[in-house]
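Heads up, the thing below is written out as structure tokens.
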Amino acid sequence: MFKNMRIGTKIALSISALMIVIFVAFTSLIVSKARESSIQQAQNLAGEMAGRYGNEVKGIIEKALDASWAGAAAILSMTEYKENIHRDMVDDFIKSLTEVDSMFFGTQIVLQPNELDGRDAEFVGNEKYGPNGEYGQYGWYDGGTWKLAEMHKNDPNNTRAWYMIPRDTKKAVLTEPYTTTIVPEIMSTVSVPILKNGKFIGVVGIDFVLGSFEKMVKDIHPMETGYAFITSNEGYCVAHPDKDVVTKNIAEAFPEAVRNEILNDIKNGKT
């Protein structure tokens, strides 16, 4: 009798142990599935938010791009009537283009020699123009005061990406973010070529501030605890809740094993 009880107890204990193992396995499976579901939900939400805000960023950049192309078309039209061009008219046009949007910080219109009015020789020695009288002005507001600066003195043909890339590719360029001694805010430049019968004759470029991007990311909180940031094509942070991270390369924020993959995905426009 006692022997049978011991066997019964062993069987009961074995069944209990088996049930515990099954329960633990089932619970682990449920927890694992719930975790996978949560991760997928978070990824879907992040993707949706990234797409929505990404389109907002794109829209802001396209404002500067559209204004630059419109400016290039206007300057091209002016060059068809060289005898009627007054350089002060182009100066005023730079001001008008800058005032199109509050995000625009400044505008530059820089022409190749004699491509504006064919009268560069008349302006040699005039400090407002290039060494050989070329037209190339940058206009911006400094504390409410409108200013113009001559650009050929910086030798943009050899030193400025916003000039060289449109010249060499005959395509628009969006520069990497930068800061200047004039303004502490982070800016970027959209620059487009002026093409006359397929020939490059100059550029129109607009500098725009990226402050609105910073305001945008402050309001993005995926799953209530997440955050967003905006990076340039080369991986430099344009906007981030932590201001100390801005202008730094985001590669530093990721494990070394995945840095190159992430940066390559950014450059290639992958999600």
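Results for (1) over 15 Å from TYR178 (Cα atoms); (2) surrounded by 15 or more Cβ atoms within 10 Å (Cβ to Cβ); (3) at pLDDT 80 or above, shown as yes or no for each residue.
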position	(1), (2), (3)
PHE213	no, yes, yes
HIS221	yes, no, yes
SER232	no, yes, yes
ALA239	no, yes, yes
ASN249	no, yes, yes
ALA257	yes, no, yes
ASN268	yes, no, yes
THR271	yes, no, no
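Starting from the stretch 129-149, keep only residues that are over 26 Å from ARG119 (Cα atoms), then list their pairs with residues that are assigned to a loop (DSSP other than H, G, I, E, B) whose Cβ atoms are within a distance under 8 Å, requiring at least 6 positions of separation or different chains.
Close Cβ pairs (under 8 Å, with a partner that is assigned to a loop (DSSP other than H, G, I, E, B)) amount to ASP142/ILE182.
So, SER212, is that one under 28 Å from ILE109 (Cα atoms), touching a strand residue (DSSP E or B) at 6+ places or on another chain (Cβ under 8 Å) and either polar (S, T, N, Q) or in a helix (DSSP H, G or I) (or both) or not? Don't jump to the end; show me each part of the working.
Details: under 28 Å from ILE109 (Cα atoms): yes; touching a strand residue (DSSP E or B) at 6+ places or on another chain (Cβ under 8 Å): no; either polar (S, T, N, Q) or in a helix (DSSP H, G or I) (or both): yes.
Taking the combined requirement at face value, the residue does not satisfy it.
Would you point out the residue of the stretch 93-150, among those that are of a type in the set (Gly, Ala, Ser), within 30 Å of GLY211 (Cβ to Cβ) and open to solvent by 10 Å² or more (accessible area, probe 1.4 Å), that is nearest to the chain's Cα centre (by Cα)? Let's see the steps before the verdict.
If we filter the stretch 93-150 for residues that are of a type in the set (Gly, Ala, Ser), which is where we start, we get 96, 102, 106, 118, 121, 125, 130, 133, 136, 139, 143-144, 149.
From what's left, within 30 Å of GLY211 (Cβ to Cβ): 96, 102, 106, 136, 139, 143-144, 149.
In the following step, the residues that additionally are open to solvent by 10 Å² or more (accessible area, probe 1.4 Å) were identified as 96, 102, 143-144, 149.
On the way: SER96: 24, SER102: 17, GLY143: 26, GLY144: 27, ALA149: 26 Å.
In this case the residue turns out to be SER102.
Among the residues of the stretch 150-168, what is the count of those that are among the hydroxyl-bearing types (Ser, Thr, Tyr) and in contact with a strand residue (DSSP E or B) (Cβ under 9 Å, 6 or more places away or on another chain)?
1
Quick test for you: out of THR169, THR179, pick the one residue that is β-branched (Val, Ile, Thr) and either surrounded by 15 or more Cβ atoms within 10 Å (Cβ to Cβ) or modelled with pLDDT under 95 (or both).
THR179
Taking into account only those residues within the stretch 63-87 that are without any contact (Cβ under 8 Å) to a residue 40 or more places away in the chain and under 33 Å from the mean Cα position of the chain (by Cα), which is nearest to ARG119 (Cα to Cα)?
Only one residue fits best here, namely MET78.
Within the stretch 74-104, which residues are charged (D, E, K, R) and either outside any loop (DSSP other than H, G, I, E, B) or in contact with a strand residue (DSSP E or B) (Cβ under 8 Å, 6 or more places away or on another chain) (or both)?
Passing the criteria: LYS82, GLU83, ARG87, ASP88, ASP91, ASP92, LYS95, ASP101.
All but one of (1) more than 30 Å from LEU116 (Cα to Cα); (2) exposed (fewer than 12 other Cβ atoms within 10 Å of the Cβ); (3) modelled with pLDDT of 80 or more hold for MET49; state the number of the condition that does not hold.
(2)
Only residues that are in a loop (DSSP other than H, G, I, E, B), in contact with a strand residue (DSSP E or B) (Cβ under 7 Å, 6 or more places away or on another chain) and of a type in the set (Ser, Thr, Tyr): list them for the stretch 215-262, please.
First, the residues of the stretch 215-262 that are in a loop (DSSP other than H, G, I, E, B): 219-221, 225-229, 232-235, 240-242, 246-248, 254-255.
Still in the list and also in contact with a strand residue (DSSP E or B) (Cβ under 7 Å, 6 or more places away or on another chain): 229, 232, 235, 246-248.
Within the stretch 215-262, SER232, THR247 meet the criteria.
From the list LYS171, LYS147, LYS153, LYS128, exactly one residue is among the basic types (Lys, Arg) and in a helix (DSSP H, G or I). Which is it?
Checking each option against the conditions leaves just LYS153.
I want to confirm something. Restricting to the stretch 122-153 and keeping residues that are polar (S, T, N, Q) and touching a helix residue (DSSP H, G or I) at 6+ places or on another chain (Cβ under 9 Å), which single residue is nearest to THR181 (Cα to Cα)? Quick ask: steps written out before the conclusion?
Residues of the stretch 122-153 polar (S, T, N, Q): 126, 132, 137, 145.
Now narrow it down to the ones that are touching a helix residue (DSSP H, G or I) at 6+ places or on another chain (Cβ under 9 Å): 132, 137.
Working: ASN132: 28, GLN137: 18 Å.
Result: GLN137.
The values are calculated or read from the model by the stated rules, or taken from the named source; none is laboratory data. Predicted model, so just to flag it, every value in this text is computed and none were measured. As a convention, Cβ positions derive from the backbone with ideal geometry for all residues, glycine included, and neighbour counts pool all protein chains shown. To get the accessible areas, we keep the full protein, side chains included, count just its heavy atoms, and leave off ligands, DNA and RNA. Shrake-Rupley method; radii C 1.70, N 1.55, O 1.52, S 1.80 Å.
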